[in-house]
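Trainee: Please find one structure pasted underneath; my questions will follow.
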Amino acid sequence: VMNAAWDVCTPVASENTLPCHDRVGYNKILDNAKPLSDPDGRHFLSFSYLRLGLGLMERENFMEFERFVKRMHGEAVLDLQV
């Protein structure tokens, strides 16, 4: 659906359906939001992060979330493990 929308120049917005607090999940979102292999540079128009909760406020989880947000905004982030 996403590729079909992009093929006809329709902006795509998305959101997470499940809570996400780990790098694997965030990387999957980033891969969908900004596909590196896309020669046309297509990307999501917007992304809504749902399920903000107490689990996100735990130190390690919040550090991963901060890293994710920076990468969504195109900032270069070191790939250090928490």
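The values are calculated or read from the model by the stated rules, or taken from the named source; none is laboratory data. Please read all numbers here as calculations on a predicted model, not as lab measurements. Here the Cβ positions follow ideal geometry from the backbone for every residue, glycine too, while neighbour counts run over all protein chains shown. In case anyone asks, the SASA skips ligands and DNA or RNA and just uses the protein heavy atoms, side chains included. Shrake-Rupley method; radii C 1.70, N 1.55, O 1.52, S 1.80 Å.
Trainee: Work out which GluC sites (Glu not before Pro) in the chain are exposed loop sites (DSSP not H, G, I, E or B, at most 13 other Cβ within 10 Å) and give the longest gap free of them.
Mentor: 1-57
Trainee: Still on this structure, please answer the following. Would you mind getting the accessible area per residue of the chain, heavy atoms of the protein chains only, 1.4 Å probe, in Å²?
Mentor: 73
Trainee: Let me ask you something else. Which whole-Hz couplings ³J(HN,Hα) result when phi for each residue of the range 14-30 is put into the Karplus expression 6.51 cos²θ - 1.76 cosθ + 1.60, θ = phi - 60°, listed in order with x for Gly and Pro?
Mentor: Each residue of the range 14-30 in turn: 8, 7, 7, 9, 10, x, 9, 9, 10, 4, 4, x, 5, 5, 5, 4, 4 Hz.
Trainee: Give the carbon-plus-sulfur fraction of the accessible surface of the chain in %, rounded to a whole number; probe 1.4 Å, heavy atoms of protein chains only.
Mentor: 58
Trainee: Explain nothing, just compute: Karplus ³J(HN,Hα) = 6.51 cos²θ - 1.76 cosθ + 1.60, θ = phi - 60°, for every residue of the range 47-56 in order, whole Hz, x for Gly and Pro.
Mentor: Computed from phi, the couplings for the range 47-56 are 9, 9, 8, 9, 6, 5, x, 4, x, 5 Hz.
Trainee: Further question: On a 0 to 90 degree scale, rounded to 10, what angle separates helix 59-72 from the longest Cα axis of the chain?
Mentor: Value to nearest ten degrees: 20.
Trainee: When the helices in the chain are scored as -39500 (n - 2.57) per DSSP H run of 4 or longer and the sum is shared across all residues, what 222 nm value do you end up with, to the nearest 500 deg cm²/dmol?
Mentor: One gets -11000 deg cm²/dmol as the mean residue ellipticity at 222 nm.
Trainee: Taking the Cα centroid of the range 55-80 and of the range 1-50, what is the distance between the two, rounded to the nearest whole Å?
Mentor: 17
Trainee: Just want to confirm a number: the relative contact order over the chain, from Cα pairs under 8 angstrom separated by 6+ residues, in percent.
Mentor: Relative contact order, the chain: 31 percent.
Trainee: Phe47's amide H: which non-local residues (gap 5+, or another chain) put their own amide H closer than 5 Å, with H modeled 1.01 Å from N in plane and none for Pro or chain starts?
Mentor: For Phe47, whose amide H was placed from the backbone, the distant partners under 5 Å are Ser14.
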